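Take a look at the structure below.
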Amino acid sequence: MKQLIVEMEEYAKENNIPIMQKDGIAFLMKYIKNNEIKNVLEIGSAIGYSAILMASSGADVKVTTIERDEVNYLECIKNVKKCNFESKVNVVFQDALEVNLAEGTQYDLIFIDAAKGQYQKFFEKFQYFLASNGVIITDNLKFHGYVGKSEEIESKNLKQLVKKIENYIEFLKNNEEFETKFYDVGDGISVSKKVSHEN
Ligand code: SAH
Ligand code: MG
């Protein structure tokens with residue numbers, strides 16, 4: 001397992017795959033342990049690095065992870081097999097925005113780590129599959145330090161992308177159905193918890 005993780009880190013580096021930073025994944029694993037998370041949905045598997053590490057956080061943790069890129073998907077499947085996690089990690093080869101989850105499916109944790117420009121769409125689509133005490137965690141909210149500085153960026157594409165992340169942060173802050181905390185960990189992480197309306 002340890003060897004596989006090191007190999008995945010090397011592969012990611014060589015192939016420019018943006019896997020989670022070390023403190024970011026450590027934060028997620030700790031969160032899973034401390035909150036007795038059992039069912040995880042991940043948007044954006046890449047090569048399975050975060051999916052495998054999340055699944056390894058507890059004996060009964062199960063991860064469903066969605067990936068639209070075929071090369072990454074195949075690499076992910078290969079890695080899941082290598083650590084014998086076929087029963088713990090279910091890899092779905094599809095665009096997350098086109099996935100149809102069975103009605104009533106519920107996750108304790110939904111981890112958004114795919115196309116940065118679509119974060120709000122992912123959030124709006126998958127929020128209905130959150131268990132009552134569940135959370136939505138989002139990665140890369142600092143986007144390498146660009147977030148908050150979109151006006152200074154010259155490249156049009158980059159500027160647009162960073163603006164979308166800035167808008168997503170505003171969307172989270174203004175979303176009254178969820179209470180969101182932001183953490184300066186890894187590339188910036190948010191944890192959004194559904195507000196309960198018991199009274
Ligand atoms: N969570 C991984 C890293 C994911 S990188 C880890 O930390 O190990 C982001 C991945 O999301 C890429 O592989 C990309 O192909 C995928 N992706 C981007 N948009 C997507 C979409 N709409 N549906 C499914 N996968 C998507
Ligand atoms: Mg990420």
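Coordinate-derived values only; no laboratory data. All values reported here derive from a predicted model rather than from experimental measurement. Glycine also receives a Cβ, built like all others from the backbone with ideal geometry; neighbour counts cover every protein chain displayed.
If I ask for residues that are more than 12 Å from ligand 1 (Cβ to nearest atom) and among the aliphatic types (A, V, I, L, M), which ones from the stretch 1-25 would you list?
Those that are more than 12 Å from ligand 1 (Cβ to nearest atom) and among the aliphatic types (A, V, I, L, M): MET1, LEU4, VAL6.
Considering (1) in contact (Cβ under 8 Å) with a residue 60 or more places away in the chain; (2) acidic (Asp, Glu); (3) within 30 Å of ASN157 (Cβ to Cβ), the lone condition that ASP108 does not fulfil carries the number (3).
Could you go through the stretch 30-46 and let me know if any residue there is in contact with a Cys (Cβ under 6 Å, 6 or more places away or on another chain), surrounded by 15 or more Cβ atoms within 10 Å (Cβ to Cβ) and among the polar types (S, T, N, Q).
Yes, the stretch 30-46 has at least one match.
Go through the stretch 32-64 and give me each residue that's more than 15 Å from ligand 2 (Cβ to nearest atom) and hydroxyl-bearing (Ser, Thr, Tyr). Selection gives SER56, SER57, THR64. Candidates are the residues of the stretch 65-124 that are among the polar types (S, T, N, Q) and part of a strand (DSSP E or B); the one that is surrounded by the fewest Cβ atoms within 10 Å (Cβ to Cβ) is ASN90. Within the stretch 26-50, the set of residues being part of a helix (DSSP H, G or I), more than 7 Å from ligand 1 (Cβ to nearest atom), in contact (Cβ under 8 Å) with a residue 12 or more places away in the chain and not basic (Lys, Arg) comprises PHE27, LEU28, MET29, TYR31, ILE32.
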